[in-house]
Structure formats: structure tokens, C-alpha cells
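Everything on this sheet refers to the single structure shown next.
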Amino acid sequence: MPRDSHADQLAKECVRGRKELRRAAQVLHDDVGSLLAVAGLRLQLLRMDFPGASARAAEVSEALDGVMGHLRTLSRALEPSPVRRTGLKNALMDLAEGSHHGTSIRLRYSATATLAPEIADAMYHAITSAVAAAGGAKDVAIFVSGARIACRARRKKALAAAALLARHSGLGFDVTTEKGTIVSIRYAIRRPSGG
């Protein structure tokens, strides 16, 4: 497939769009959320300093709580990846425990390296795509050791989009079909130099 193909361009845009949504979610959570929390604290101080204004301040406080609830919902919608909330290992454990239309998912996780959040998120998306491509298989095995992930899938063609997205996220994504289909997802972790 040529590098400048339409599918390749779509994969680039998808990865770029995912990064932009993640950045927007972070701004909402970190910046706007913090400002609203400070406003809530100042409102509490106002209620203590001016008891006569307590009823009005309580109304504003209630409205502020509603805004914060909507803000949390919006930031989660913009960043729906469970990796950001619970980490890669826990997100994969939840994936393995979930219902997958008769497919049993086994997870063996022995990685000790900490990945950057955007790389861990890309890994998770690549793994879930491989699991989806394994649809109909009775058993899917996911092995995470170091930065190598092997996942058995059934349909090689269904992995083409996942491979493009993974590659544009900085991951290696290879498919072999020796004994079933095996997907290998890699990321080169640079160890800190000793010194």
C-alpha cells in the first residue's frame, strides 16, 4: 500500500484527531476544572464570612456543582480511553474480563516499563482492534512483556486499519500467520542511560 494512499491519510488524521481530543479533555479537566474548584472554595469562604449571603451563595454553589458535573462528563467523553483512568494493565484486565460474544480472552501481563500515556493509549487501541478482528475465535491470548504484545486474531485483512493507526501512533504492528494469526505490537522503550 503506497504511503500517501487515502487510507494512510485517514489513519494520520484519525491519530491527529485523537491527540487533539485528548488535549482538549486535559485542558478541560486540568485548567477549567481547577478554576471551577477554586471558585467553589471562594464561594464557601464567602458563605462563612457573610452568613447573610449564605442562601444566595448556596444557589450559586449548586449551579457550580452542576457545571462541574457536566465538565467531568464532557472531559470523559473527549477522552474515553480507560488507559488514562486506570493504566494499561488495568484496562487490559477489564478487557479480558468483559463479554466478547463467546470469545475467551486470556491476559498475561509481565511488563515493568512505564509507557508515556499516549503510547499506552495507542497500545490499548491496537490491542482492542486486534481482539475485535479475532471475532468468532474461541480463545484470544494477549501477552504483554516489555513492550511486545502478541495477540492471536483470525482475520488478517480486518487488521489493516489497526496496523495503519498503530504505525501513525509510533508503534510497530506486524501480523504473521504461521499457527493462526499473531499480531505483534511493539514500541521501542529507551532505557535511561546509567551514569
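The values are calculated or read from the model by the stated rules, or taken from the named source; none is laboratory data. No experiment lies behind these values; they were computed from the predicted model shown. As a convention, Cβ positions derive from the backbone with ideal geometry for all residues, glycine included, and neighbour counts pool all protein chains shown.
Taking the options Arg47, Arg22, Arg42, Arg56, name whichever one is of a type in the set (Lys, Arg) and under 29 Å from Pro82 (Cβ atoms). Even if it seems obvious, please write down each step before you answer.
Working: Arg47 fails: under 29 Å from Pro82 (Cβ atoms); Arg42 fails: under 29 Å from Pro82 (Cβ atoms); Arg56 fails: under 29 Å from Pro82 (Cβ atoms).
It is Arg22.
If a residue must be crowded, with 16+ Cβ neighbours inside 10 Å and among the hydroxyl-bearing types (Ser, Thr, Tyr), how many such residues does region 110-138 contain?
Residues meeting the conditions: 3.
For region 81-101, does any single residue satisfy the condition of being under 28 Å from Gly170 (Cα atoms), in a loop (DSSP other than H, G, I, E, B), without any contact (Cβ under 8 Å) to a residue 24 or more places away in the chain and touching a strand residue (DSSP E or B) at 6+ places or on another chain (Cβ under 9 Å)?
Yes; the residues of region 81-101 include at least one that is under 28 Å from Gly170 (Cα atoms), in a loop (DSSP other than H, G, I, E, B), without any contact (Cβ under 8 Å) to a residue 24 or more places away in the chain and touching a strand residue (DSSP E or B) at 6+ places or on another chain (Cβ under 9 Å).
Considering every residue within region 41-58, establish whether at least one is surrounded by 11 or more Cβ atoms within 10 Å (Cβ to Cβ) and within 30 Å of Ala132 (Cβ to Cβ).
No: region 41-58 contains no residue that is surrounded by 11 or more Cβ atoms within 10 Å (Cβ to Cβ) and within 30 Å of Ala132 (Cβ to Cβ).
Would you please name the residue that is modelled with the highest pLDDT, looking only at residues in region 103-140 that are among the hydroxyl-bearing types (Ser, Thr, Tyr) and in a helix (DSSP H, G or I)?
Step one: filter region 103-140 for residues among the hydroxyl-bearing types (Ser, Thr, Tyr), giving 103-104, 109-110, 112, 114, 124, 128-129.
From the residues that got through so far, the ones that are in a helix (DSSP H, G or I) too are 124, 128-129.
On the way: Tyr124: 89, Thr128: 85, Ser129: 83.
My answer is Tyr124.
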